[in-house]
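The values are calculated or read from the model by the stated rules, or taken from the named source; none is laboratory data. What you are looking at is a predicted structure, and each value in this text was computed from that prediction instead of being measured. Here the Cβ positions follow ideal geometry from the backbone for every residue, glycine too, while neighbour counts run over all protein chains shown.
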Amino acid sequence: MMENDMGRCCSALACVVGLLASPAAWAQDPAPPPADPGAAAAAAPAPVAEPAAPAPIPSWFRFDADSLGLQLWAGATHQVGPISLSSDIYLTTLGTAEFDIGPAFTMGPVTLNPMVGFSFNFMTMEPAALVAPQLFTFVDAKPVYFESWILGSFSSMFNESVQNYVYTRDFLLYYPIDDFGIGPHLEATVDLNEVVTSVDDPLTAGVDEGSVDESGFASLQVGGVIGLNYGTGNKLLLYLGYETQEESQAGGNKLAGRFTFVHNF
């Protein structure tokens, strides 16, 4: 009986050993095939495109201080389809405000900006002038920088006692080093009323003949200007000139000048 039991135990033990030794006992589920990168990419959701950041709008701020007092300016250039459209606002301490607008054409280092403008006097609450045509020219070809303003201002359509005139401001800067430039400056105002009127004209009867300048220049200044780069986006312009027209020499002062600060954003 004991022998039969031992026989059965040995037989069972042999079966267990045989089962453990069998390859089938260690076999596992087959590993999954390597993933198909293309299929994974196709299954993954497409990334959501972030909206493009809006292009910055070139803009600027400046102030001038001269014989006309303090003048504040601010302007910007917007891209309207294929056109670069410039605009600015001009304010004076005399209560005058002006808005100008026009296209800007850039060709290499040269920018041409024709504009038209309208001026309003907030002291009298009346229109002041139609400021047109205007042409601003900028040439930035380092080490040389050139700037020219030419504009007409017509006020007699709103107030017959106010003169019409053409104004120009032109200067050239040479930069021997990056942050310092120096050069000549010319500034002139042509009085259109005096140019076209005559003491023999009935419409101008009573005009003092001696007050009519044959050249037509109400002001003609010649001098020099210094340009300083004054930190990131900042520029200082210091102008000192000589007024050649006696009629414009207030109090006998022949000196003319201007302090300008410009910041470009």
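Quick one: in region 144-161, of everything that is polar (S, T, N, Q) and surrounded by fewer than 17 Cβ atoms within 10 Å (Cβ to Cβ), which residue is nearest to the chain's Cα centre (by Cα)? Talk me through it step by step, then tell me what you get.
Within region 144-161, the subset polar (S, T, N, Q) is 148, 153, 155-156, 159, 161.
Cutting the leftovers down to surrounded by fewer than 17 Cβ atoms within 10 Å (Cβ to Cβ) gives us 148, 156, 159, 161.
Details: S148: 17, S156: 33, N159: 34, S161: 36 Å.
Filtering region 144-161 for residues that are polar (S, T, N, Q) and surrounded by fewer than 17 Cβ atoms within 10 Å (Cβ to Cβ), the one nearest to the chain's Cα centre (by Cα) comes out as S148.
Condition first: more than 10 Å from Q245 (Cα to Cα) and either at pLDDT 90 or above or of a type in the set (D, E, K, R) (or both). Now tell me which residues in region 214-230 satisfy that.
The answer is E214, V222, G223, G224, V225, I226, G227, L228, N229, Y230.
List the pairs whose first member sits in region 242-265 and is among the small types (G, A, S) and loosely packed, with under 12 Cβ neighbours inside 10 Å, whose second member is in a loop (DSSP other than H, G, I, E, B) and at pLDDT below 95, and whose Cβ atoms are under 8 Å apart, counting only residues at least 6 apart or on separate chains?
Matching pairs, first to second residue: A250/S67.
Name the single residue, out of those in region 90-143 being of a type in the set (F, W, Y) and more than 17 Å from G75 (Cα to Cα), that is nearest to the chain's Cα centre (by Cα). Write out each step before concluding.
Residues of region 90-143 that are of a type in the set (F, W, Y), as a first pass: 90, 99, 105, 118, 120, 122, 136, 138.
Checking the rest, the ones that are also more than 17 Å from G75 (Cα to Cα) come to 120, 122.
On the way: F120: 24, F122: 27 Å.
The qualifying residue nearest to the chain's Cα centre (by Cα) is F120.
What about W149, is it within 27 Å of V225 (Cα to Cα), part of a strand (DSSP E or B), touching a residue at least 24 places away in the same chain (Cβ under 8 Å) and among the aromatic types (F, W, Y)? Before you say what the answer is, go through the steps one by one.
Working: within 27 Å of V225 (Cα to Cα): yes; part of a strand (DSSP E or B): yes; touching a residue at least 24 places away in the same chain (Cβ under 8 Å): no; among the aromatic types (F, W, Y): yes.
Against the criterion (within 27 Å of V225 (Cα to Cα), part of a strand (DSSP E or B), touching a residue at least 24 places away in the same chain (Cβ under 8 Å) and among the aromatic types (F, W, Y)), W149 does not qualify.
Every residue in region 152-198 that is free of Cβ contacts under 8 Å to residues at least 12 places away in the same chain and assigned to a strand (DSSP E or B), please. Steps first, answer last, please.
Filtering region 152-198 for residues free of Cβ contacts under 8 Å to residues at least 12 places away in the same chain gives 160-161, 177, 196, 198.
Hit for region 152-198 is I177, nothing else.
Could you tell me whether F61 is touching a residue at least 60 places away in the same chain (Cβ under 8 Å), surrounded by 14 or more Cβ atoms within 10 Å (Cβ to Cβ) and either under 28 Å from A256 (Cβ atoms) or not hydroxyl-bearing (S, T, Y) (or both)?
Details: touching a residue at least 60 places away in the same chain (Cβ under 8 Å): yes; surrounded by 14 or more Cβ atoms within 10 Å (Cβ to Cβ): yes; either under 28 Å from A256 (Cβ atoms) or not hydroxyl-bearing (S, T, Y) (or both): yes.
So F61 passes the test.
When you scan region 82-136, how many residues do you find that are part of a strand (DSSP E or B), of a type in the set (S, T, Y) and within 28 Å of M157 (Cα to Cα)? Working first, answer last.
Here is the first cut: in region 82-136, the ones part of a strand (DSSP E or B) are 83-92, 96-107, 110-121, 126-136.
After this cut, where a residue has to be of a type in the set (S, T, Y) as well, the list is 84, 86-87, 90, 92, 96, 106, 111, 119.
If we keep only those that are within 28 Å of M157 (Cα to Cα) as well, we get 86-87, 90, 92, 96, 119.
The qualifying residues number 6.
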